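A quick write-up on the structure given underneath.
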Amino acid sequence: MKKGIILCLLLCLFTLTGKAEVLELATVQENNHVTVQADRYLEERVEAETGGNLTITVGAAGQLYGDEAGILEALEKGDVALGHVSVRTLAGRVPELSVFSLPYLFGGAEHLKSTLDHFLGSVMASAVQERMPGLVVLGWYDNGGRCFYTKTQVVSAPDLNGLTLAAEETEAMDMFLGELGAKRMTLGRHTVFSAIHQGVVDGGETDLPSLLWLGDYDGAPYIFLDRHTFAPDILLMSAKVYERLSEEEQQKLMQAARKTEGMEWELLRETETEAINALREYGCTLSMDDGGARESFTPMAEKTYSLVDPALIEEIRNMK
């Protein structure tokens, strides 16, 4: 009887003092991906910032809710607390995010980061939360600049004429490739390798760490380091979960996310350098964009800018 009373008192005491809330984070990226490494760092920071009142567990490789569409649905319902998805996944519902699909708008990763930090991050976060009120934007994860890789060498715009490429499915990319005389084909990320070897496509475009990891350079060993678009991931939180946290917990979670964001961007730069070195070791030919090559693409690229508010384009350009 006494043991039962003591146990009851202990349970009441634990309830009064509160208990750690476990927040699940969902992602489709594999465990060794840079963004997942950042998620692990977020785990550490949140526990440290909140004194253990909040803890995060990461479900990588689609363990939670499968693909990114499933993760978004779970976030909106409040079934999962956190997730990061590509801006491409949200662009259908948040058209403002199409700015990240415009080729050659951003001069590089530093230009993108400074633009996000100064105004674009808050502008895009407001657009997301207005159109998808079930979400809260915590930060932006860099995925690196996307580059063309082909069976034949590409160093200027005419070299893409007549090629069929596995490319991201956006209106801007369709316009851009059409102007170049190339054609886009939609393929799953794990099917490009066989499509290249079977002659279905002449290459594709992606970020360098993914190119190395997937092995698609085998059969398309010519890589043009133009970094034509930057498509970051968005670190999101379910508004339903966010609103049940205390104001102090919300602030500390935001602080941890900002620290994680900075760490992830630095780590991505290192990972890109490692990928470039590895691709060279594997016998790939990497053509560096010295600025002159990019000029040959500019007229075709700028035609896609009509998809976005001209004032926003000008403001981004002025950040250079």
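What follows is calculated from the coordinates using simple rules that are stated; it is not laboratory data. Being a predicted model, the structure only gives us computed values, none of them experimental. In this analysis, Cβ positions are derived from the backbone assuming ideal geometry, glycine residues included, and neighbour counts consider all displayed protein chains.
Summary table
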| read-out | value |
| --- | --- |
| Helix-only [θ]222 nm of the chain, DSSP H runs n ≥ 4, -39500 (n - 2.57) each, per residue, nearest 500 | -14000 deg cm²/dmol |
| Fewest-first sequence of 141, 305 by Cβ atoms within 10 Å of each Cβ | 305, 141 |
| Full-stretch length increase - residue 169, residue 244 - with 0.36 nm per residue and alpha-carbon distance subtracted | 23.3 nm |
| Mean separation of Cα contacts under 8 Å, 6 or more apart, over the residue count of region 150-304: relative contact order % | 33 |
| Listed values [x] 34, 62, 5; [y] 31, 57, 12, 0; [z] 30, 53, 13, 3, 0, entry calculated as P(r) over Cα pairs in 20 Å bins from 0, in percent | [z] |
| Extension reserve of the residue 198-residue 281 stretch, reckoned as 0.36 nm per residue once the Cα distance is removed | 27.4 nm |
| Extension gain, residue 131 back to residue 307 (0.36 nm per residue minus Cα-Cα distance, nm) | 61.5 nm |
| Residues 147, 284 arranged by fewest to most Cβ contacts within 10 Å | 284, 147 |
| Listed residues 277, 31, 143, most fluctuating in the chain (Gaussian network, C-alpha, under 10 Å) | 277 |
| Most mobile of 257, 195, 231 in a GNM of the chain (Cα contacts under 10 Å) | 195 |
| Dipole axis of the chain (+1 Lys, Arg; -1 Asp, Glu on Cβ), positive-most option in 62, 311, 271 | 62 |
| Per-residue ³J(HN,Hα) for region 174-179, Karplus 6.51 cos²θ - 1.76 cosθ + 1.60, θ = phi - 60°, Hz, x for Gly and Pro | 4, 5, 5, 5, x, 5 |
| Neighbour-count ranking [beta-carbon atoms within 10 angstrom, fewest first] of 140, 213 | 213, 140 |
| FRET efficiency estimate (nearest 0.05) - Cβ-Cβ, residue 44 to residue 191, R0 41 angstrom | 0.70 |
| Pairwise label distance in nanometres, residue 63 with residue 155, each label 7 Å out on the Cα-Cβ vector | 4.7 |
